[in-house]
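Written below as structure tokens is the structure these notes are about.
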Amino acid sequence: MRHYRTIPGTIFDICNCLFLGLFALAAVLPFIYVFAGSFASDTELTRRAFFLVPERFTTAAYEYIFSTDTIVRSIGVSIYVTTVGTLINLFFTVTMAYALSKRHLAGRNFVLNLVVFSMLFGGGMIPTYLVVRELHLLDTYWALMLPGAISAFNLIIVKNFFQEIPAELEDAAKIDGCHDLALLWRIVLPLSMPVLATFTLFYAVGHWNNYYSALLYINEPSKWPLQVILRQIVMLSQMAAGDLNAMDPNFEKPPDQSIKLAVIVVGTIPILIVYPFLQKHFAKGVLLGSVKG
Amino acid sequence: MKTASASASAEAAEASVRAGGSTRWGRLWKNRWLYVLLAPGLLYFLIFKYVPMWGVLLAFQNFSPFHGFWKSEWVGFEHFRVFFTNPEFFMLLRNSLILSFYNLIFFFPAPIILALLLNEVRVALFKRTIQTLVYVPHFISMVIVASLTYVFLTTEGGLVNELLDRYFGFKISFLTDPAWFRPIIILQTIWKECGFGTIIFLAALASVDVEQYEAAIIDGANRWQQMWHITLPAIRSTIVILLILRMGDVLDNGFEQIYLMLNPLNREVAEVFDTYVYFMGITQGAFSYSTAVGLFKSVVGIILVTLANWTAKKFGQSGIY
């Protein structure tokens, strides 16, 4: 046994659990408050300040949100960029990782060094912006998806995973006349599903949360993803995202505060939905990454 | 006999498959599909990583989009001279260094302490539950973190100020008062990353042999001594590696977080190199000048990482390369 019981030890254990419990509570309490507040009326929000269960349950804030063009469209943009962007990430990462996992490939070390060096040094914000501009990608969804198509870190982890797959499996298929493309599709990918699931989730969360790219590359309000609109509504306290007059004029505008809370909920919910799946995988992912090779 | 010859011929076939053809061109042709697979990724790195790297040469030009890269005028270190003699330079340097210093003092030890405390928990279910909860904020976007901060701290109906007003009769302008900027940034970082930061330490701790603790208990070591002499040494190399990597980020304060919390009233303490590059480059179009500022920042980062790595090796730690 690691521990033996002493009185100071027991006191420490109690304090420790209390402290950890409070810390964990602090991590999730803001979400619970925001969730509760988004279903409350503005009068209740000002009257009671802090509460975790609304007295009068109302979905007015959500009805309002989903009646605006701006917010609904930005949710659509975010879903589109997350879906297509993640597919692009997976395609680029898997193809390159598979080629780099073949030790006999001439030029492999040179390309690997290029990848590693790009993790240490980069051109920075402005030169990258100018490249995106020169390619005429400004104000297109490509600007949100292509500049981050591969994370060098993920690429190396996937490459290391492919290298672990026994070469005999592939050789057998090769003798049966399988070429490299078919090998990747029919042998390697089915064996890599758990790893690919992990990276799919990581890339998808990255796209949903991405604010930086839209701030830099998208000027047109109609193409803003949810994160940009979220900031407009909550932090700049304005719905100036273009077309508020397009909303139903008879719709009674609910209080600002609960709308803000509801928008935050809408931005958070997708992450909380995938979190249990993420959590199953990420500890493994981080461990894989710490193995050098 | 039959199986032996079969495996021998399989080996020969395998060898010829591995080696490809006999000539250099034969080998390249044999691997053509692998090169096809390599191409998209390689193109990505060349276009979005290496062209911008070469683009740092803009810092030595008077780049105008009108003339393009090839026809713009070369000005040497002029932009660097202007930047270093600008009083803003010292403001940026001070803000960046102070934030990094606070980060090192208040944030850096937090995941280590949290991991050590989690490591002392004996009830596995309780430990797992706490871990599950404290990892959540890591996956939440910076915009949401900043939004939560606004919702809680604003003077117009923010939760904290409502409660302060109700019970103490005053409000604090957390979001615009320069004195509150740094504490808020550090608290945001601790709230968002402290829990997730424990993973790497808990992984290192999981590999510690339980027998070491048993031996220590037989020798009469108390829990504090066990922690000091067994647990801490087990994560020492991880701490050193993370410290070295931190050094490279001394002038890198996380663009999104600062940008989202920055406003005209707290600018004197909030503006850092990254946000300055954004405002000068993207908003005002001073491409060459802002590239020079960005280049200065990355070069300092590389120098600091190298120095920290060298120092760590001097003291017998393993370093990052």
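Give the calculated FRET efficiency between A:Ile165 and A:Asp69 to the nearest 0.05, with a Förster radius of 56 Å applied to their Cβ-Cβ distance.
On the way: r = 49 Å, r/R0 = 0.87.
Calculated value: 0.70.
What is the spin-label model distance, in nm, from A:Asn113 to A:Ile32 if the labels are put 7 Å beyond Cα along the C-beta direction?
Modelled inter-label distance: 5.6 nm.
In debye, nearest 20: dipole of chain B around its Cα centre with unit charges on the Cβ of K, R (+) and D, E (-)?
Values: 24 positive and 21 negative charges, 221 e Å.
Using only the charged Cβ atoms, the result is roughly 1060 debye.
Can you list which of the GluC sites (Glu not before Pro) found in the range B:112-188 are DSSP loop residues with at most 14 other C-beta atoms within 10 Å?
Those that pass, being in a loop and sparsely packed, are B:Glu156.
What FRET efficiency comes out for the pair B:Phe168/A:Ile79, r = Cβ-Cβ distance, R0 = 60 Å, nearest 0.05? Numbers along the way, then the final one.
Values: r = 45 Å, r/R0 = 0.74.
It comes to 0.85.
Nearest 500 deg cm²/dmol is fine: what mean residue ellipticity at 222 nm does chain B get from its DSSP H runs of n ≥ 4 alone, each adding -39,500 (n - 2.57), divided by its residue count?
On the way: 19 runs with 219 residues, N = 321.
Rounded to the nearest 500, the figure is -21000 deg cm²/dmol.
Which order do the peptides B:145-154, B:168-177, A:137-146 come out in when sorted by mean C-beta neighbours inside 10 angstrom, highest first?
Values: B:145-154: 21.6, B:168-177: 13.6, A:137-146: 18.8.
Answer by packing, highest mean first, reads B:145-154, A:137-146, B:168-177.
On a C-alpha basis, how far is the centre of the range B:215-291 from the centre of the range B:87-148 in Å? Whole number, if you could?
Each part reduced to its Cα centre gives a spacing of 9 Å.
Give me the inter-chain shielding for B:236-248: mean count of other chain Cβ atoms within 10 Å, whole number please.
Values: counts 0, 0, 1, 0, 0, 1, 0, 0, 0, 0, 0, 0, 1.
Averaged over the peptide's residues, the number is 0.
Between B:Phe101 and A:Ala172, with labels modelled 7 Å along Cα→Cβ, what's the label distance in nm to one decimal, could you check?
About 6.4 nm separates the two model spin labels.
In whole Å, what are the Cα extents of the protein assembly as shown along the three principal axes, biggest one first?
Result for the protein assembly as shown: principal-axis Cα extents of 93, 78, 55 Å.
Within chain A, which DSSP H helices have Cα atoms that stretch 30 Å or more along the helix axis and a mean Kyte-Doolittle hydropathy of at least 0.5?
Details: long enough: A:7-38 (46 Å, 1.79); A:69-100 (45 Å, 1.27); A:256-290 (46 Å, 1.09).
Both cut-offs are met by A:7-38, A:69-100, A:256-290.
Within 10 Å, count the other beta carbons around each residue, average over each peptide in B:187-199, B:298-310, and list them highest first. Walk me through the numbers on the way to the answer.
Numbers: B:187-199: 20.5, B:298-310: 16.1.
In descending order of packing, they fall as B:187-199, B:298-310.
In the range A:1-89, which chymotrypsin sites (Phe, Trp or Tyr not before Pro) are in a loop and have at most 15 other Cβ atoms within 10 Å, using DSSP for the loop call? Walk me through the intermediate numbers first.
On the way: sites: A:Tyr4, A:Phe12, A:Phe19, A:Phe23, A:Phe31, A:Tyr33, A:Phe35, A:Phe39, A:Phe50, A:Phe51, A:Phe57, A:Tyr62, A:Tyr64, A:Phe66, A:Tyr80; in loops: A:Tyr4, A:Phe39, A:Phe50, A:Phe51, A:Phe57, A:Phe66.
For chymotrypsin sites (Phe, Trp or Tyr not before Pro) across the range A:1-89 that sit outside H, G, I, E and B with at most 15 neighbouring Cβ atoms in 10 Å, the list reads A:Tyr4, A:Phe50, A:Phe51, A:Phe57, A:Phe66.
Using the Cβ atoms and a cut-off under 13 Å, what net charge is assigned to the surroundings of A:Ser151, where Lys and Arg are +1 and Asp and Glu are -1? Show your work: numbers first, answer last.
On the way: positive: A:Lys159, B:Lys49; negative: none.
Once all neighbours under 13 Å are counted, the net charge is +2.
Quick one: net charge of B:Ser298's neighbours, Cβ under 12 Å, K/R +1, D/E -1?
Details: positive: B:Lys297; negative: B:Asp249, B:Asp252, B:Asp274.
It works out to a net charge of -2.
Note down the net charge around B:Leu104, summing +1 for each Lys or Arg and -1 for each Asp or Glu among other residues with Cβ under 15 Å from its Cβ.
Numbers: positive: B:Arg182, B:Arg246; negative: B:Glu193, B:Asp249, B:Asp252.
Neighbour charge sum, excluding B:Leu104 itself: -1.
Whole number please: convex hull volume per residue, Cα atoms of chain B, in Å³.
On the way: hull volume 92.3 nm³, N = 321.
Enclosed volume per residue, from the Cα hull, is 288 Å³.
Every number in this text was worked out from the coordinates using simple rules, so none of it is lab data. Values in this document were obtained by computation on a predicted structure and should not be read as measured data. Note that we place each Cβ from the backbone using ideal geometry, even for glycine, and neighbour counts take in every protein chain shown.
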